[in-house]
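In what follows, a single structure is set out as C-alpha cells and then discussed.
Since every read-out is calculated from the coordinates, none of them should be taken as a lab result. Since the model is a prediction, treat every value here as computed from it, not as a measurement. Every residue, glycine as well, gets a Cβ built from its backbone with ideal geometry; the counts of neighbours run over all protein chains shown.
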Amino acid sequence: MPPVNLSYPRPRLKLFSLALAVIAALGSGGWAGVGRAQAAESTPVAPTRGGLSTVNTRLRPLMLENGYPTKATAAKLYDELDFQRATQSYLWALPAIGFKALYDAQRRSLGTANGEVLLFQNLKDKAGMLTPNITTLYAFSFWDLASQGPLVVEVPAGLTAGGVMDIWQQPITDMGQTGPDKGLGGKYLILPPGSPAVEAPGYRIVRSPSNQVWFGTRGLSPDKAAAEATVRQHRVYGWNQRANPPATAYKSVGGRPWQSAQPANLDYWRMLSELYANEPVAPRDRMMFAMLAPLGLVPGEPFKPDARQSRILADAAQVGELMARTVAFDKRTPGVTVYPGKHWDYAQRFELDQESPDRKRVQLDERSSWFYEAIGMSVGMQGRIVGFGQAYLEASKDSQGRWLDGGRTYRMRVPADPPVKQFWSITLYDNVSRGPLITGQGAADLSSRQTGLVRNADGSVDVVFGPVRPAGAANWIQTNPGQGWFSYFRFYGPTEPYFSKTWQLNDIEPLGR
C-alpha cells in the first residue's frame, strides 16, 4: 500500500533553526550572556538619580534616562512582555484549540454538521487525529447549546465507552461502561451554562460550562461489525425534539485527508478568537485573556491584529509550539515516570477539572503535555479503575535514553500475561503531526486482538520497529527514516498487576548500532 500524503508540513529545519535562535535570545549572546544575566541578578543595581544609565539583562543592555525607560527601551520591553505572555498563552490554550481544530476539521474538511455523527473506522480515517488508537471504532459529534438548545444523547446498552466534553476537553459526563449507566444504556440531557433547571424524569441531567460541546464514543466489541452496530444505536438530538426525535445521521470519513494538530502560526489565535465569539469566560481564564488583550484578542470582539501584533503572535506561536513539544516529550512533572530506571511515562497525569488535588494550581504543564499529543479526557481515560477504562503509557526514548529514530531498528518484549481485561495495543506516532505513522506498510499498531500475532513459547510477544523488516521478525511495525516517532501502549481494562506494577513493560531496545 503506498504511503498516504497528509500534506502536513514538516518544518524540521526551520523549527531547529528557530530553537537555536530561542536559545541564543535567552542566553543574550550565548553562555557569556547567561553569565551576564546571572551577574546582573546577583548584583544590586543602584537607583539612577540622573542622566543616562544602562541595566544589563538577558535582553542586552537597556537604556534608562533619569530612571525612566527611553522610548527604544520601552518599545523593546513591551515587545518582550507581549511575546512572553503570548508564548504562555499558547500553552494555556492547547486544550481549547485542540477542540476547535477537531471541530473545524469535522465541519470544513469532512463536511459534517452539528448533530451528525462521524465514524472513524481505520488507519486512513484516523490519520489526521492526534494519537488515535487504531483498534477500535470512534464516533464523534459536536453541538452548540446556545444556538441549538439542550442536547439529548441516548446511549445503547453494550460495549461502548465515551462521554461529552466542554471546549476545554473537560468531561461533563462519561457514558457507557465507565459512565453512570455502567454499560446498560440510558438518556443523558446536557444543559447550557446558566440555563434554568429542567424537570426530566428518566434522564441523567448534567450542565456544561461551555456552549459548544463534543460527544465522542468508541465501540469495544472484538467483533468489528457488532461494535459498529452498537455505536450506530446512539441517538443525538435536541431537547426540543424529544417528542418526535429525528433519526441520527451517521457519516464515514471514508479515507478522506484531514488533520487536526494545533497550528503554530497566526491561525492559532484566530481559532481562539472564533471559539470565544459566544462563550462565557471562566474565572480562571480571565488572567490569560487579560494578557492577550494588548495583542488584539478579546473574547466576543473582532480579532484584527495590526502588523506588530501579528508578528509577535506568529513568533510566539512558533516558540510556544516548541515549548509544548518539549513539555510533552521530555516530561519533567513529578511522578510521571512509571517504572524507575525505565523510559515509560504516564501519558497523562492530571485531574478531570485540570486542577491539582490540593486546589492550589491549574495543572498547566500536565494538561499541556497531554493535549499537545492527544484529544479527549474522561473518567475511563484516567486509567484509575481496575478492570475498566484505559491506561496509557508513552515512550519517546529507547532503553539508552535516546530519542526514537525512524531510521533505526528496535525491539520491545511484552511480557506474558499482560494485565488487561479486554486487550492491549501499541501504536506508533509521528512526533511532529502527532498522528499515526503513515508508511508503506499501511499499519501503525499491533494489538492482542490481531489475528496472526506471534507469541513466544513463554507467552511473551516480541515487537520489532524499523524501516525494514528484519529476517525472522514476525511482529513488525514499519518506521520512516528521517522521522522521529513515539509510542503509546494502551491497557484496555487494566487489572491489578498494572496498578501494583508487579507486571512491568520493558523498554524499547535498539538493535545493531
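Brief remarks follow.
- From the largest down, the stretch 111-252 spans 43, 29, 27 angstrom on the principal axes of its Cα atoms.
- Residues whose placed amide H lies under 5 Å from that of Ser460, excluding near-sequence neighbours: Ala416
- Residues Ile205 and Asp417, FRET efficiency given R0 of 41 Å [Cβ-Cβ distance, rounded to 0.05]: 0.45
- The phi torsions of the stretch 106-114, fed into the Karplus equation with coefficients 6.51, -1.76 and 1.60 and a -60° offset, translate into couplings of 5, 7, 8, 7, 10, x, 10, 8, 4 Hz, rounded to whole numbers, with Gly and Pro shown as x.
- Working note: Debye formula, equal point scatterers on the alpha-carbon atoms of the stretch 297-366, no solvent; log10 I(q)/I(0) at q = 0.24, 0.28 Å⁻¹ is -1.05, -1.17.
- The stretch 298-332 and the stretch 369-441: distance between their alpha carbon centers, rounded to Å: 28
- For the stretch 177-247 versus the stretch 462-513, the inter-centroid distance based on Cα atoms is 36 Å.
- At least 20 Å along the helix axis (C-alpha) and Kyte average at least 0.5, DSSP helices within the chain: 12-27
- Global size of the chain as Cα Rg and Dmax, reported in angstrom: 24.8, 84
- By the beta-carbon count within 10 Å of each Cβ, the least crowded to most crowded order of Val281, Val379, Val164, fewest first, is Val281, Val379, Val164.
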